[in-house]
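The values are calculated or read from the model by the stated rules, or taken from the named source; none is laboratory data. This structure is a prediction, so every number in the text was calculated from the model and none was measured. Because the Cβ atoms are built from the backbone with ideal geometry, glycine has one as well, and the counts that use them run over all protein chains shown.
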Amino acid sequence: MADVIRRLAVLDWVRLGVLAAGLLCVATGLLPAEEAVANVRRIGPLLLFLAAVIVLAELTKEADVFDVLAGRMAILGRGNYVALFLLCTAFASFVTIFLNLDTTAVLLTPVMLALAPRARIATLPLAMTTIWLANTASLLLPVSNLTNLLAMDRVELSTHDFAARMWAPQAASIAVTMLFLWVFYWRRGERGADRYQPPSPAPVGDRVLFTVAGGACLLFIAAILAGVQIGAAAAVAALVVIAAFAWRDRSKLTWGLFPWQLLVFVTGLFLVVPTLSRYGLDDLMRALVGGTGDTAGDYRAAAAGAGLSNLVNNLPAYYAGERVIAPANHDQLLSLLIGTNVGPLITPWGSLATLLWFEWCRRRAVKVPMAKFVLTGLCLCAAGIAATVTALLLTA
């Protein structure tokens with residue numbers, strides 16, 4: 001037990017603290033037990049999905065799928081930075097949309113950081129591509145972000161209907177992100193070179209695991225597009241890959257695969273935020289968001305979601321805003337969702353993905369200029385939300 005405690009990182013203690021605070025709220029009666037049970041039941045299927053998709057993504061990385069794809073992508077660019085930029089943004093967007101933004105932050109970030117020295121590419125442009133698109137490319141599908149799952153449940157949309165409603169906002173968000181990435185991080189004056197050296201192909205350790213893991217990811221994507229319940233689709237895909245590793249490389253199947261930190265953190269938030277909402281947070285959000293579902297109310301909801309996300313994290317920000325928006329105001333709720341997905345780009349704690357990304361940058365000794373991170377994130381937040389909400393309203 002002492003060894004386990006010593007291995008806990010600072011973020012782990014924060015997550016455990018959030019859960020402890022939530023349980024204390026229930027034990028003291030600040031949050032009625034009935035409401036606490038209802039909240040936990042609501043997020044139960046979401047936690048199943050989150051656990052399964054993280055295990056699927058982690059084992060897919062262990063099977064070298066991400067490394068091979070990133071290496072082939074750099075080879076395909078043939079030393080041309082414009083081609084590499086387009087390929088990297090497409091890759092990060094694809095992973096975020098279909099495998100969740102935390103997958104991009106946790107698993108794609110180290111792959112991209114490892115690619116940089118192999119191809120003699122500046123590290124910061126690759127790092128910023130992963131974290132910005134982890135947030136801004138997380139609007140299209142329910143699986144892309146935990147907040148999307150909550151919103152889809154609230155507005156009672158199927159996966160297809162949700163994607164049909166959010167395709168234009170997602171396209172606008174990615175387009176603005178690409179523009180700001182190029183101007184602030186990828187252009188010649190920022191990256192510091194005219195061309196890069198294409199790397200040699202990344203080796204594949206086990207062809208069977210590589211094939212099974214890649215096939216399981218495609219199976220998962222096909223299942224969610226076919227309308228299969230996302231928790232079940234993720235669980236089946238994860239079980240397929242677990243079975244393959246049990247056969248070929250059992251040493252990789254450790255308890256460290258299970259994302260208990262995320263599950264603890266999310267559960268704690270859904271106990272703490274409702275408690276705060278009962279004692280003043282609802283009034284604050286109502287004042288920020290407003291009670292009308294008109295165009296001004298939609299933009300206010302997005303701005304409030306972005307502002308609160310950068311103060312306390314996007315998941316509690318979405319949940320706090322959702323509580324004060326009338327169920328019939330679908331556009332206002334989706335505008336809030338845009339604010340909490342596209343907006344948390346300014347502070348290191350704006351989203352869980354950003355926190356995880358900073359941890360990887362620290363491990364790989366990647367220097368992130370904090371002033372530039374904040375200022376460029378502020379610019380993208382403002383422009384991205386304006387463009388994305390406008391796209392949402394124009395396609396209503």
In segment 333-355, anything under 12 Å from the mean Cα position of the chain (by Cα) and surrounded by fewer than 23 Cβ atoms within 10 Å (Cβ to Cβ) is listed as L355
Can you name every residue in segment 237-260 that is over 15 Å from A57 (Cβ atoms) and either in contact with an Asp or Glu (Cβ under 8 Å, 6 or more places away or on another chain) or β-branched (V, I, T) (or both)?
-> R248, D249, T254
In segment 343-377, how many are in a helix (DSSP H, G or I) and either among the charged types (D, E, K, R) or at positive phi (or both)?
-> 4
Note on segment 145-174: residues over 18 Å from N100 (Cα atoms) and either under 18 Å from the mean Cα position of the chain (by Cα) or among the basic types (K, R) (or both) are R154, R165, A172
Matching residues, segment 310-332, being crowded, with 23+ Cβ neighbours inside 10 Å and either in contact with an Asp or Glu (Cβ under 8 Å, 6 or more places away or on another chain) or farther than 17 Å from D283 by Cα (or both) | N310, N313, N314, A320, Q332
Exactly one of W186, W260 is more than 20 Å from F66 (Cα to Cα), surrounded by 13 or more Cβ atoms within 10 Å (Cβ to Cβ) and touching a residue at least 24 places away in the same chain (Cβ under 8 Å), and that residue is W186
Determine if segment 12-34 includes at least one residue that is surrounded by fewer than 16 Cβ atoms within 10 Å (Cβ to Cβ), modelled with pLDDT under 85 and more than 26 Å from Y279 (Cβ to Cβ).
-> yes
Can you give me the number of residues within segment 124-160 that are in a loop (DSSP other than H, G, I, E, B), within 15 Å of I338 (Cα to Cα) and either of a type in the set (S, T, N, Q) or touching a Cys at 6+ places or on another chain (Cβ under 8 Å) (or both)?
-> 2
Are there any pairs with C-beta distances below 6 angstrom linking a residue in segment 75-96 that is in contact (Cβ under 8 Å) with a residue 60 or more places away in the chain to a residue that is in a loop (DSSP other than H, G, I, E, B) and among the aliphatic types (A, V, I, L, M), with the two at least 6 apart or on different chains, and if so which?
-> S93/A137
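Checking the condition out of contact with any Ser or Thr (no Cβ under 9 Å at 6 or more places or on another chain) and not in a helix (DSSP H, G or I), which residue from G227, G293, G215, G268 passes? Before you say what the answer is, go through the steps one by one.
Details: G227 fails: out of contact with any Ser or Thr (no Cβ under 9 Å at 6 or more places or on another chain); G215 fails: not in a helix (DSSP H, G or I); G268 fails: not in a helix (DSSP H, G or I).
After ruling out the rest, the residue left standing is G293.
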